[in-house]
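Peer 1: One structure is given below, represented as structure tokens, and several questions about it will come after.
The values are calculated or read from the model by the stated rules, or taken from the named source; none is laboratory data. Computed from a predicted model, the values in this text were never measured in an experiment. Cβ: placed from backbone, ideal geometry, glycine included. Neighbour counts: every protein chain shown.
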């Protein structure tokens with residue numbers, strides 16, 4: 001079994017220019033700067049996968065590191081490996097962290 005660590009963020013609520021941004025993003029998506037990455041458009045997401053770990057001990061070490069970082073009010077560094085992106089999440093935006101046992105296709109015999 002593997003262990004997934006997921007970061008749940010504080011819901012940002014209604015954003016000042018949310019309607020205009022959504023309209024702009026959907027109407028001119030092909031011409032919008034950064035449109036192919038999808039990082040700079042649309043509503044902020046409320047959860048991110050921090051990582052998937054082979055053992056519970058490894059996941060717990062990661063949780064300890066996250067806890068230390070947040071206690072020091074340091075931004076949380078989340079690497080989206082599938083997109084080669086690094087996100088720095090302000091500590092005040094982190095609502096909670098979840099560690100759960102997950103079953104991957106390769107774990108099924």
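Peer 1: Among the listed residues 57, 21, 31, which satisfies the condition of being more than 13 Å from the chain's Cα centre (by Cα), at pLDDT below 90 and either closer than 20 Å to residue 99 by Cβ or surrounded by 15 or more Cβ atoms within 10 Å (Cβ to Cβ) (or both)?
Peer 2: Of the residues listed, the single one that is more than 13 Å from the chain's Cα centre (by Cα), at pLDDT below 90 and either closer than 20 Å to residue 99 by Cβ or surrounded by 15 or more Cβ atoms within 10 Å (Cβ to Cβ) (or both) is 21.
Peer 1: Cβ-Cβ below 9 Å, separation at least six or inter-chain, first residue in the stretch 83-102 and closer than 24 Å to residue 54 by Cβ, second surrounded by fewer than 10 Cβ atoms within 10 Å (Cβ to Cβ): which pairs?
Peer 2: Taking only residues 6 or more apart or on different chains, not a single pair turns up.
Peer 1: Now a separate question. Can you name every residue in the stretch 54-107 that is in a loop (DSSP other than H, G, I, E, B) and either closer than 12 Å to residue 6 by Cα or out of contact with any helix residue (DSSP H, G or I) (no Cβ under 9 Å at 6 or more places or on another chain) (or both)?
Peer 2: Selection gives 54, 55, 81, 82, 83, 84, 90, 103, 104.
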